[in-house]
Amino acid sequence: QVQLVESGGGLVQAGGSLRLSCVASGLTFSSYTMGWFRQAPGKEREHVVAISISGSSTYYADSVRFSISRDNTKNTVYLQMNNLKPEDTAVYFCAAVLFSPARTTTPPRYQYWGRGTQVTVSS
C-alpha cells in the first residue's frame, strides 16, 4: 500500500519559514517524480514545484519563492518555504508520478497523493 505522509505545516508569521517533508512508503521512491501542490479555500489545487527522479531537474510555478529537494535514501521530499506571505496560506500536498519529467504540473497526472498539511501565514 502506497502512502505519502506530509509534515511540517503550521502557523507562521509573514516573513517566516517552514520546511515541509513528505515521506513515501510502498513504492520505489527513486522511480517517481515528486511534486508539491497547494490548495487554498475556494480555489483549485495548483502546482508549486516538482523534482525529477534523480533530483537533477526541478520545475517551479511562476513566482515561487520555495525550494524543493529530495533524499532517495530516506524516501523523502522536502519543500523549504522562506519569506512566507499570507497568500501562501493553503493545504500543501505532495504527490508522486512514475517516470515523468519534472515539468509534469497537472494534478490528474499524479498517481499518488498525501493527505496534506496545513500552512497558515498570518499578516
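The values are calculated or read from the model by the stated rules, or taken from the named source; none is laboratory data. As the structure is a computational prediction, the values presented were derived from the model and not from experiment. With ideal geometry, Cβ positions are generated from the backbone for all residues, glycine too; neighbour counts draw on all protein chains shown. Remember, those area values only see protein heavy atoms, side chains included, never the ligands or the DNA or RNA. Shrake-Rupley method; radii C 1.70, N 1.55, O 1.52, S 1.80 Å.
A few points about this structure:
- Summarising the amide proton neighbourhood of Thr89: residues at separation of 5 or more, or on other chains, whose placed amide H is nearer than 5 Å comprise Val121.
- Residue-span extension gain [Asn83 to Lys43] - 0.36 nm each, minus C-alpha spacing: 12.2 nm
- Gyration tensor (alpha-carbon) shape descriptor, the chain, a/c threshold 1.5: prolate
- Most positive-pole-ward Cα, Val23, Ser54, Ala95, against dipole of the range 2-107 from beta carbon charges: Ser54
- Accessible-area value, Ser56, 1.4 Å probe, nucleic acids and ligands omitted, Å²: 100 Å²
- On the chain, 46 percent of the accessible area sits on carbon and sulfur atoms, based on a 1.4 Å probe.
- For the pair the range 54-123 and the range 17-40, the centres of their Cα atoms are 6 angstrom apart.
- Annotation: the antiparallel percentage among DSSP beta bridges lying fully within the chain is about 90.
- Nearest-20 debye value, the chain charge dipole, Cβ charges on Lys, Arg, Asp, Glu: 100 debye
- The range 1-55: radius of gyration and largest Cα-Cα distance (Dmax), Å: 13.4, 38
- Karplus-derived 3J(HN,Hα) values for the range 103-117, using 6.51 cos²θ - 1.76 cosθ + 1.60 with θ = phi - 60°, are 6, 6, 10, 8, x, x, 6, 7, 8, 10, 9, x, 8, x, 9 Hz; glycine and proline are entered as x.
- For the range 76-93, putting each phi into the Karplus relation 6.51 cos²θ - 1.76 cosθ + 1.60 with θ = phi - 60° gives couplings of 10, 10, 10, 9, 8, 10, 10, 6, 5, 10, x, 6, 7, 4, 4, 8, 9, 10 Hz, in residue order, rounded to whole numbers and with x for Gly and Pro.
- Packing here is the average count of other Cβ atoms within 10 Å per residue, and on that basis the peptides 22-28, 64-70, highest first, run 64-70, 22-28.
- On a per residue basis, the chain carries 52 Å² of accessible surface, using protein heavy atoms and a 1.4 Å probe.
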